[in-house]
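What follows is one structure encoded as structure tokens, with my remarks underneath.
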Amino acid sequence: MRKKILAAGIAAALLAVPFSGSVVGGLTVSAAENNSETEADAENGGEDAASGEDEADSEDTAEASSEAGDSLPAGSVLNIECFNEEFKTRVADHYPGYIEIDGETGMIGDVTVRWTVTSTDMNAYQDRLDRILPDNEHKDPDERVDIFLAEDSFLGRYVDAKRSVTVPIENLGITEDELSEQFPYTLEAASDRSGNIRGLTWQCTPGVLIYNRAIAEKVFGTTSPAEIQKHVKTWDKFMETAEQMLDAGYSMTASAADTFQAYAGSMSDYWISRDGEIKIPDNINSWIVNSKELVESGASTTSSMWSADWSTATLMPEGNVFCCFGPEWMIRYCLSQEVVGSIANTGGWAVCQGPAPFFWRGTWMFAARGTDNAELIADIMRAMTTDEYIMANIRLTDGDFVNNRKVMEADAENDIHALEILGGQNPTKIFIRNADRISGVKTSRYDEICEAAVRGVAKKYFEGSYDFDQIEPYFVARVENNAGITQVEPE
């Protein structure tokens, strides 16, 4: 059975939301008031909301609406494709009326929910989706994928309107007004080039600069986040501080890879232009140039993140590394708080905004083109991403930084959310500030390949195997040839 565990403080501040019943697949379930205001409607959702700058987008939207409308009877099976257990757990614990039958099956009213979990190892999950989604609408209704999940690293494959595998949320009857409490970057990341939102997430994963309190005290005479921010507020200041750290006998980061996500957080351009040109965006070139300087000076290294060398240098005091970058999940689960003697174990970290806003990871849910459960999918999306009652529960019981401003602002004022790993600091306000500043999120079907290619080529450059003028051509060659791609289509 579902769990409902509410903290009195959060319940009083956030969860006093009037509830009304909305009928889904013959079952009346509890939902926030706005859940009953809109329903999937093929006739109203048949026109693309975009201005028509991309003809393929408008054609896809018109066709997808016929698959997502309520003119067809509701399906008896809801098939959900996932790459881990996370979303299944969130639905089982928080979606009203969900009954778990076993590890692979549940029920919502008279609808059977089937879960298929495939690991992303060796791209198994992505390859599976690429096989089954294009022909989804032609399968037997009970075998069609209804919902699938994608994380940020391969999000662009399914946001891409030309692939025609997802249903824009407006065709499910979900309006942008309903999403007013969500952080804008999460919508931008799941929007195609014509601005159609194609996926929603219950998570928000903004990143911050995580710094070593002891080193901050020795070099700057303070551990105050506001004061440390002055030393790292831009990339130029960050590089100046790296010199100060070297002079004091410390490294700035354990690896050049530490800063990649922060530079990539606001892309200056797409990896692939509309006419098919492959190029390294300016912000990534800045990462390459500055990282080379850090490596050559000794302020960083070329070790891989999560490697033994990186872990020893970053997580233990003897590593003498000043900072790393990451979201809340990294702070909670990746800094070895349980290891006696680690920096985290003694509450030796703190956070500030850092030189640039960024996000790292996050999981989005999509309605698959061809689904016969559009109304139920819309209700699940609303419940899991807009219902403050449910979002506050997820925050409390699962620890997710949820995609709801009101819930997280209340969290920021509650001392119960101060983290021992951060010496008692509650970082939520800083995370909110960075989430608000994230912009220029650009996703495309080639993101995964391009990021892997540029990291590989850049590392060769840092190590001295390539000259700077070789980076671009080697990058282009890797993108064209990696993962079986021999010709890049225009975006």
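The values are calculated or read from the model by the stated rules, or taken from the named source; none is laboratory data. Every value quoted in this text rests on a predicted model; they were computed, and no experiment measured them. When we count neighbours, we look across all protein chains shown, and the Cβ atoms used for this are built from the backbone with ideal geometry, even at glycine.
Just a few scattered comments:
- Being touching a residue at least 60 places away in the same chain (Cβ under 8 Å) and either among the charged types (D, E, K, R) or within 29 Å of Val407 (Cα to Cα) (or both) is a property that Val145 lacks.
- Candidate set from region 422-450 (those that are part of a loop (DSSP other than H, G, I, E, B) and within 14 Å of the chain's Cα centre (by Cα)); member that is nearest to Glu480 (Cα to Cα): Thr443
- Note on region 333-370: residues that are under 24 Å from the mean Cα position of the chain (by Cα) and either under 30 Å from Glu448 (Cβ atoms) or at pLDDT 95 or above (or both) amount to 25.
- Highlighted here would be helices (runs of 4 or more DSSP H) found entirely within region 296-399 that include at least 2 residues which are free of Cβ contacts under 8 Å to residues at least 60 places away in the same chain and farther than 30 Å from Ser224 by Cα, but there are none.
- One residue stands out in region 77-99 among those that are of a type outside the set (S, T, N, Q) and free of Cβ contacts under 8 Å to residues at least 60 places away in the same chain: the one that is surrounded by the fewest Cβ atoms within 10 Å (Cβ to Cβ), namely Glu85.
Here is a yes/no grid of residues against (1) surrounded by fewer than 17 Cβ atoms within 10 Å (Cβ to Cβ); (2) more than 18 Å from Tyr461 (Cβ to Cβ); (3) of a type in the set (Asp, Glu):
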residue	(1), (2), (3)
Ser304	yes, no, no
Asp309	yes, yes, yes
Ala313	no, yes, no
Glu318	yes, yes, yes
Val321	no, yes, no
Met330	no, yes, no
Leu335	no, yes, no
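- Scanning region 423-441 for residues that are buried (at least 21 other Cβ atoms within 10 Å of the Cβ) and touching a Lys or Arg at 6+ places or on another chain (Cβ under 9 Å) turns up just one, Ala435.
- Single match in Ala257, Ala226 (criterion: part of a helix (DSSP H, G or I), of a type in the set (A, V, I, L, M, F, W, C) and surrounded by 17 or more Cβ atoms within 10 Å (Cβ to Cβ)): Ala257
- Residue in region 262-282 that is polar (S, T, N, Q) and part of a helix (DSSP H, G or I) present: no
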